[in-house]
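Contents: one structure, followed by commentary.
The values are calculated or read from the model by the stated rules, or taken from the named source; none is laboratory data. Worth saying up front: this structure is predicted, and the values here are computed from it rather than measured. Reconstructed Cβ throughout: ideal geometry from the backbone, glycine too, with neighbour counts over all protein chains shown.
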Amino acid sequence: MLLGERIRSFTLSLLSERFNDMKSRTAVARIVLSAVKLSDPAALVHFGVKLGALPWILRILFAEGHIKQLSLTHRQHLEQLVSEPRATEQWTEVVMNLCGECEVHRSGPMRASGLELAKFIRTVPCGYCPKMSPDGGPEQDAERESMRVRDHAPRSNIESNVFEHLLGDHLGEWKIILSQQAMLDLAQLNFQGIHYIRQGDHFKNVRRKFYELASGDWAGDGKLLHSAKWNNGRSYRIPVFKAFYATGHFILWQIDTAFDERFGNDYQVIKGLDASEQLDEIGVQIHQAQQMYTKAQVEACSRDDLDGSRGTRYPQSVNLGEEEGSSMGDDGRDDEDCHDSVQLAKFYSLTATVLDRVAVPDGRVVVPVVISREEAEVVNYFLGATFILGRSGTGKTTCLVYKLVGRYISAKENGGLLRQVLLTRSERLVEKLRDNTDGLIKTKMGKLEEKRPHQANDSFAENTRKSFLSLTDEDFPLVCTFDYLLRLIENSIREQENRRRYLKIDSSKFTQVIDFKRFKLEYWQHLPSKLKRGIPVDLAFLEIMGVIKGSISSASNFEPLSREEYLGKRWRLAPNFASMQERAAVYDIYEWYERKKKKLYDIDQTDRVIKVMKALETFKSSDKEEDRNLEKKIRRVLDEIYVDEVQDQRTLEIGMLLRLVGCPRGIHFAGDTAQCISKDALFRFENAKALFHELFSGRTVNTRELKPTLLPLSHNFRSHKRILRVASLVMELLYKGFPELVDRLPPEIGDIPGPQPTLYIGTNIIDILKFEEEMETPQKSDAANGNSNEFGGLRVILVRDEETQEKLRSELGKSSLVLTILQSKGMEFDDVLLYDFLSTSPYNYKLDMLEELLKRRHHTDRSHADWTKDNIILCSELKNLYVGVTRARNRLWILESSTSILDPVQSLFNRTATLLFPGRYPSPMLEILREQDIGVCPEP
Ligand SMILES: Nc1ncnc2c1ncn2[C@@H]1O[C@H](COP(=O)(O)OP(=O)(O)OP(=O)(O)O)[C@@H](O)[C@H]1O
């Protein structure tokens, strides 16, 4: 009590001082906020009246969204505060000053009463409020360099509360984070508590213990600070404690550091490691995890007040700078018993909401992972359109989903609704994204968000009859494939055309849209051989769909590239065919394809998008009001669009999407050009960026909004460092061979140890796979335990193409998960078995050229440009390999049937890479196994 009083009077005295610089003002604002949160809620009134006279602090608290949040948690007291006549006047002035230019808030509170002002404050800032400048100075409108390093972005650029909305309230001063295992243990305890009365008390006790831990007051008889000891001869760099919740039962915990969204910085946190009491196993894992810490990290976790005395200990802020763990360098440690290192790689925030939801026995609880500061900045960034960029596993999808859900919940909690759509091309990934999105919303909002009727009636079939304009609030957030969204829009357009008898979008004759499979079977087979002229079928399709038809826009009057335009296109924008002869041949094929398609009444994906865009244009300029209204209505349905794996979308499609939102701020894309392996789309950031200019230059006054902000992510959270070394070497080859075709991004950094990837060469791969299948024992998986937000399952066999997929499925049976590399995009698996990828590559007989490539120093000369053009297929091979390798979290097996690939691969990965880059690749990367090395019993 006494301490509370002291903090309050100290803070009030601080408010009598003058602070002239923004840094001190921000610090004071944070202190005031913490003091308000720590005090009796009524204290808000005292502080608030004082703040009325201190607009410079109040502005900061408004701009960073804290007042909005206090208006929810301290509703009654805020009303009381702003009803005080002097405060009403001063607060109104500050808030109107801040958001006088916002479309929504311009008109101010409805009436000049305290109650109305409090209501008004609850909605400030909103998505339409222009960026608030807490220092009251004019907003710096200079366009930022788009590939900025966000570390330098001032914090006021960040909508600070989006991620907090997703999480809900913390249990106390200390943030608590739980390992996957501890989350499982918690759910298990709760389950037992419901079924066995005695254990019911356990769960209550555990809850209490977590609150005690979070309070920072760990006094007493050592019940929270009982040292955990292991007789395994290992020394622990950070002390581990047992918090007893019943005789013989405890939670294992240690102090660690993590990003704390409440303070916008890294802080000390309580890390719950386990509650299962399987001490031996977890003891080894904790030891391994602690070995990876740098000295500075260990120091940041240390405290000298862990003595069990009374009093609250506050978490300290941590500044580790740019320091990473031992990243990809060799730490000289033996990783051979690192099989479970992934278990302690991911942590979840234990907030009051999560604890309450775990206490409700209704199945799956999706909990946000503890994200890094870098990720939090991406999640909270809403000043303009964003492109989240990063190599694989760097959290792009995670950030995109948290952005969407955080915004959704924030709007809901403020009594509004955002109509958001999250798209990607792969159905499989969409399902995962939907589970995740719905799960996060349900965890946070509980009963408020019961099953959406949409799902029950429609199941997101791509031939849905539902129309875009019939979407209701309950359908949002809508998580679906791009094709599904397209179909919804087509249906709305068709309804109007039928009503008005235009009959343009009539797909009744079109049974199935032409995809690569149909193109190959029904078109290519009939293509006269003189037209084929050595052009590979997959590249021909990619070129037609991705370049000739894929870059159509309203600027080109929705016409595909003419022959002249295509022949004259810069090589970088259409790199698959470099010579005029080849391009001319492709154009001949394209013309033949269009003629045949017309005869057969067929349609392809680009035709569909073009039809939609043309129809919308026609409606827009129609002389019928009804048509114009329809076009307007379609444009007003969505507030925000999120696209994952955006590199799979054509420019044309991005153009369509941009037309569907009124303001560029509502657009958030995530992708990686190194993973651009689609068979029918050719993505270029340049093209997408150009579209923003084209489409929004007339619609927004803010020049910054015309340029999407690129937000890079660099830390790989998925795979351990031995897999990352393989991935980084593949990237290095791509950079060396095809510098113009992949954006150079910071290399993925990862610090988790793990087992060495294996290259197996043998003719009995199928037997091995069958054998493995039989031996496979059910393991704990995120998907199975329902306690986390994984985007994948346990083990997958990845193959080059659908034919191999079918072959393997028939040999191995349905219980094996076999996917093409393309289908596996965006997913992750504990174990990945890459099946015969190198042996079936068109480069299988000349893989030694990879070594030459790695050795190359300069790549600006002409001969290199020619080399790149001649080896364009290698670029796609390497991208596929990169995607395949990076799906693995734990074990990577490269299974190959051809002995001829052994020497070049072994030489590249195990010798040359280490010789050339000993820092990055300190030891042989692959364990090599041959048929004779393992004893697999063939089937009797
Ligand atoms: N801060 C974090 N700590 C631990 N795990 C994290 C963190 N952020 C993300 N993850 C996990 O890392 C994995 C990879 O994340 P995600 O799928 O978002 O990456 P991505 O960049 O979209 O990858 P890809 O490009 O390969 O699809 C997921 O399991 C995710 O839950």
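Are there any pairs, at least 6 apart or on different chains, whose C-beta atoms fall under 7 Å, with the first in the range 366-390 and more than 21 Å from PHE263 (Cβ to Cβ) and not assigned by the TED database to the domain that holds PHE347 and the second crowded, with 23+ Cβ neighbours inside 10 Å and acidic (Asp, Glu), and if so, which?
Listed pairs, sorted by first residue: LEU389/ASP672; GLY390/ASP672.
Somewhere in the range 650-667, is a residue within 15 Å of the ligand (Cβ to nearest atom) and either of a type outside the set (A, V, I, L, M) or without any contact (Cβ under 8 Å) to a residue 60 or more places away in the chain (or both)?
There is no residue in the range 650-667 that is within 15 Å of the ligand (Cβ to nearest atom) and either of a type outside the set (A, V, I, L, M) or without any contact (Cβ under 8 Å) to a residue 60 or more places away in the chain (or both).
Given the conditions (1) without any contact (Cβ under 8 Å) to a residue 24 or more places away in the chain; (2) surrounded by fewer than 18 Cβ atoms within 10 Å (Cβ to Cβ); (3) not in a loop (DSSP other than H, G, I, E, B), which single one is not true for GLY233?
Every condition holds for GLY233 apart from (3).
Please verify whether the range 305-321 includes one or more residues that are modelled with pLDDT under 80, within 16 Å of the ligand (Cβ to nearest atom) and not assigned by the TED database to the domain that holds LEU184.
yes
Only one of (1) assigned to a helix (DSSP H, G or I); (2) over 28 Å from ALA411 (Cα atoms) fails for PHE47. Which number is that?
(2)
Listed here are the residues, each with its yes/no results for (1) basic (Lys, Arg); (2) surrounded by fewer than 18 Cβ atoms within 10 Å (Cβ to Cβ); (3) modelled with pLDDT under 85.
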| position | (1), (2), (3) |
| --- | --- |
| LEU3 | no, yes, yes |
| SER9 | no, yes, yes |
| LEU33 | no, no, no |
| ALA53 | no, yes, yes |
| ARG75 | yes, yes, yes |
| LEU81 | no, no, no |
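For ARG434, only one of the following conditions fails: (1) buried (at least 22 other Cβ atoms within 10 Å of the Cβ); (2) modelled with pLDDT of 90 or more; (3) more than 9 Å from the ligand (Cβ to nearest atom). What is its number?
Condition not satisfied by ARG434: (1).
Would you confirm, using the coordinates I've provided, whether GLY248 is assigned by the TED database to the domain that holds SER349 and either surrounded by 21 or more Cβ atoms within 10 Å (Cβ to Cβ) or touching a strand residue (DSSP E or B) at 6+ places or on another chain (Cβ under 6 Å) (or both)?
Taking the combined requirement at face value, the residue does not satisfy it.
Residues that are in a helix (DSSP H, G or I), buried (at least 20 other Cβ atoms within 10 Å of the Cβ) and either touching an Asp or Glu at 6+ places or on another chain (Cβ under 6 Å) or assigned by the TED database to the domain that holds LYS119 (or both): does the range 13-21 have at least one?
No, the range 13-21 has no match at all.
Residue-wise test of (1) at pLDDT 90 or above; (2) within 11 Å of the ligand (Cβ to nearest atom).
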{"residue": "ARG364", "(1), (2)": "no, no"}
{"residue": "VAL370", "(1), (2)": "yes, yes"}
{"residue": "VAL379", "(1), (2)": "yes, yes"}
{"residue": "LEU383", "(1), (2)": "no, no"}
{"residue": "THR394", "(1), (2)": "yes, yes"}
{"residue": "THR397", "(1), (2)": "yes, yes"}
{"residue": "TYR402", "(1), (2)": "yes, yes"}
{"residue": "ARG407", "(1), (2)": "yes, no"}
{"residue": "ASN414", "(1), (2)": "no, no"}
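For the range 555-565, state whether one or more residues are surrounded by fewer than 21 Cβ atoms within 10 Å (Cβ to Cβ) and of a type in the set (Ser, Thr, Tyr).
Yes: the range 555-565 contains one or more residues that are surrounded by fewer than 21 Cβ atoms within 10 Å (Cβ to Cβ) and of a type in the set (Ser, Thr, Tyr).
Of the residues that sit in the range 362-386 and are buried (at least 23 other Cβ atoms within 10 Å of the Cβ) and touching a His at 6+ places or on another chain (Cβ under 9 Å), which one is nearest to CYS126 (Cα to Cα)?
The selected residue is ALA385.
Does GLU427 satisfy the criteria of being more than 10 Å from the ligand (Cβ to nearest atom) and in contact (Cβ under 8 Å) with a residue 12 or more places away in the chain?
Yes.
Any residue that is farther than 17 Å from ARG494 by Cβ, surrounded by 16 or more Cβ atoms within 10 Å (Cβ to Cβ) and modelled with pLDDT of 85 or more - is there at least one of those in the range 608-622?
No, every residue in the range 608-622 fails to be farther than 17 Å from ARG494 by Cβ, surrounded by 16 or more Cβ atoms within 10 Å (Cβ to Cβ) and modelled with pLDDT of 85 or more.
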